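Read the figures in this text as sums done on the coordinates, not as results from a lab. All values derive from a computational prediction rather than experimental measurement. Reconstructed Cβ throughout: ideal geometry from the backbone, glycine too, with neighbour counts over all protein chains shown.
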Amino acid sequence: MLKNALYELKQVLKAWYNRLHSHLLSSGFERSINKVTLYVKHIGKNKLIVLVYRDDLLITCDKEQLVEEFKANIKNKFEMNELGLMTYFLGREVSQSIYGYFFLCQKRFSLKLLNKFDIKKLQTS
């Protein structure tokens with residue numbers, strides 16, 4: 001029973017990705033040769049970048065208006081929820097500076113490892 005449910009879930013996700021892939025290509029995106037879930041669209045001097053991870057999309061561009069237009073377009077085609085700025089990615093904490101820089105932190109991951117192996121935190125004096 002569980003095997004069937006997992007298989008069906010996998011098939012649903014694959015069908016969704018194929019539909020999204022077709023939509024992105026028809027919207028002028030190019031798929032990366034090296035990373036098949038990375039799509040780039042050149043709009044004048046700007047690049048709109050979309051990264052697909054399972055059923056999530058990470059969207060970035062140096063022009064916020066293009067991101068908003070993309071989100072409006074994709075919401076017309078697919079049922080989507082906007083989760084706001086990225087705070088976690090692949091289990092890593094993400095923060096963004098006011099200048100647009102991203103910082104990745106592995107504190108939560110590191111603490112999880114320390115607890116898993118029952119290693120006491122060292123205190124500095």
The helix 107-116 Cα axis meets the longest alpha-carbon principal axis of the chain at an angle in degrees, between 0 and 90 and rounded to 10, of 50
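So if I place +1 on the C-beta of Lys and Arg and -1 on the C-beta of Asp and Glu, and nothing else carries charge, what would the dipole magnitude of region 2-82 be about its Cα centre? I want it in debye, nearest 20.
Charge dipole of region 2-82: 340 debye, to the nearest 20.
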Net charge near Leu38 (other residues with Cβ under 15 Å of its Cβ; Lys, Arg +1; Asp, Glu -1) is +3
By Cβ neighbour count within 10 Å, fewest first, Ile59, Ile43, Ile119 rank Ile119, Ile43, Ile59
Most exposed to least, judged by fewest other Cβ atoms within 10 Å, Phe109, Phe29 sort to Phe109, Phe29
Contour minus Cα-Cα span, Lys14 to Val94, at 0.36 nm per residue, comes to 26.1 nm
Quick shape check on region 85-125: root eigenvalues a ≥ b ≥ c of the Cα gyration tensor, a/c under 1.5 is rounded, otherwise prolate if a/b tops b/c, else oblate, and it reads oblate
Per the helix-only model, the chain has a calculated mean residue ellipticity at 222 nm (DSSP H runs of ≥4, -39500 (n - 2.57) each, divided over all residues, rounded to the nearest 500) of -13000 deg cm²/dmol
XL table Lys35/Lys107; Lys35/Lys77; Lys10/Lys71; Lys47/Lys107; Lys41/Lys112; Lys35/Lys75; Cα-Cα > 29 Å flagged, in table order, is Lys47/Lys107; Lys41/Lys112
Gyration tensor on Cα atoms of the chain, a ≥ b ≥ c root eigenvalues, a/c under 1.5 rounded, else prolate if a/b beats b/c, else oblate, says oblate
Arg54 neighbourhood, Cβ < 15 Å, K/R = +1, D/E = -1, net charge +2
